[in-house]
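Some notes on the structure that comes next.
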Amino acid sequence: MEGKRFDVVALGELLVDFTDNGLSEQGNTLFEANPGGAPCNVLAMLKKLNRSCAFVGKVGDDLFGRQLRAVAEGAGICMDYLAVDREARTTLAFVEKLPNGDRDFSFYRNPGADMMLTEEDLPLEVLADCRVFHFGTLSMTHEGVRRATRKAIDRAKANGALISFDPNLRPPLWENLEDARTQINYGLAHCDVLKIADNELEFMTGEMDFDKGAAILRERYPNIRLLNVTAGPEGSYSYYDGVRVFRPALELGGTIETTGAGDTFCACVLNFALECGLEGLTEKDLGDMLSFANAAAYLVTTRKGAIRSMPERGQVEALLRMEVL
């Protein structure tokens with residue numbers, strides 16, 4: 001994989017997360033417009049780790065689309081392959097923080113520009129020139145963008161890229177959950193590196209026990225070389241070639257909201273794969289990977305938004321030193 005132009009290319013949604021930011025003097029809810037979208041969030045953290053990154057997707061020819069391009073470019077992500085739709089508007093998401101710490105999403109995407117990405121929009125030369133290709137399922141909810149996603153996967157894989165997949169299940173965006181299950185199965189069958197949340201693991205396997213759920217996925221999909229399960233405030237698990245490692249989440253307080261935490265974790269795992277490869281990994285390797293990813297994800301939860309909130313490597317390392325002490 002050496003000699004590629006980009007370390008990571010990601011395809012998918014680029015949108016604005018409107019996050020609850022308290023009340024006005026009149027008692028009206030205030031929303032803060034935070035640039036986001038899971039694949040681009042991943043790239044933003046990878047840029048903090050000094051990785052070369054490019055994004056493939058589509059936004060509307062509108063205020064939000066122009067702002068998103070500017071913010072992602074400001075983060076150092078190559079946006080040369082961001083297409084613009086002259087008809088559909090940029091997708092918006094309103095994020096409500098629930099009392100238990102979870103989030104509820106309301107999407108304005110019927111259609112959203114990210115859904116309008118086509119096979120003709122794909123920069124095939126770029127997809128052949130990356131070490132890792134990353135995607136989720138928001139680019140698989142509708143037929144046209146689904147075909148584009150599958151073609152991108154095939155192109156990257158044929159040219160030696162590692163394939164990274166995060167289901168990122170958002171039930172409101174699917175006509176029915178069986179369609180979601182079908183597309184997640186497709187992603188599972190084509191990836192080398194998987195980041196899956198606890199609720200998604202249960203959705204796909206029926207198992208609340210992470211070890212049993214991971215074992216089911218590994219049996220069904222032997223192509224998955226590195227499988228990581230995120231369990232929110234509990235921590236994270238890694239499964240690799242018969243090795244199982246757990247690292248607890250950091251419990252330091254100060255969490256504001258969790259948007260982008262899983263994407264930050266995913267980026268740290270991909271950085272680890274780029275540094276160490278996927279051959280002969282030890283329990284210590286996996287433990288160090290999880291500790292770093294957990295720490296970075298924690299730091300994001302203490303800030304609003306995602307793309308503009310990713311921590312520097314030095315901040316993560318300083319936090320880990322403090323934990324050791």
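The values are calculated or read from the model by the stated rules, or taken from the named source; none is laboratory data. This structure is a prediction, so every number in the text was calculated from the model and none was measured. As a convention, Cβ positions derive from the backbone with ideal geometry for all residues, glycine included, and neighbour counts pool all protein chains shown.
Selection of segment 1-33 for residues being surrounded by fewer than 18 Cβ atoms within 10 Å (Cβ to Cβ) and not in a loop (DSSP other than H, G, I, E, B) yields 20, 21, 22, 23, 29, 30, 31, 32, 33. Test residue 79 against the stated conditions and say whether it is more than 24 Å from residue 182 (Cα to Cα), free of Cβ contacts under 8 Å to residues at least 60 places away in the same chain, surrounded by 16 or more Cβ atoms within 10 Å (Cβ to Cβ) and under 18 Å from the mean Cα position of the chain (by Cα). For residue 79, the condition - more than 24 Å from residue 182 (Cα to Cα), free of Cβ contacts under 8 Å to residues at least 60 places away in the same chain, surrounded by 16 or more Cβ atoms within 10 Å (Cβ to Cβ) and under 18 Å from the mean Cα position of the chain (by Cα) - is met. Residue-level check: of (1) surrounded by fewer than 22 Cβ atoms within 10 Å (Cβ to Cβ); (2) at pLDDT below 95, residue 64 misses just (2).
Out of all the residues in segment 268-286, is one or more surrounded by fewer than 19 Cβ atoms within 10 Å (Cβ to Cβ), acidic (Asp, Glu) and in contact with a strand residue (DSSP E or B) (Cβ under 9 Å, 6 or more places away or on another chain)? Yes - at least one qualifying residue is present in segment 268-286.
Just so you know, in segment 116-156 the residues that are within 19 Å of residue 43 (Cβ to Cβ) and of a type in the set (D, E, K, R) include one that is surrounded by the fewest Cβ atoms within 10 Å (Cβ to Cβ), and it is 125.
Checked against the criteria, residue 210 does not count as in contact with a helix residue (DSSP H, G or I) (Cβ under 8 Å, 6 or more places away or on another chain), of a type outside the set (D, E, K, R), surrounded by 15 or more Cβ atoms within 10 Å (Cβ to Cβ) and closer than 29 Å to residue 148 by Cβ. When segment 245-265 is filtered for residues that are modelled with pLDDT of 95 or more, more than 21 Å from residue 21 (Cβ to Cβ) and surrounded by 16 or more Cβ atoms within 10 Å (Cβ to Cβ), the ones remaining, listed by number, are 245, 246, 247, 262, 265. Given the structure, is residue 308 in a helix (DSSP H, G or I) and at pLDDT below 95? Here the answer is yes, as residue 308 does meet what is asked.
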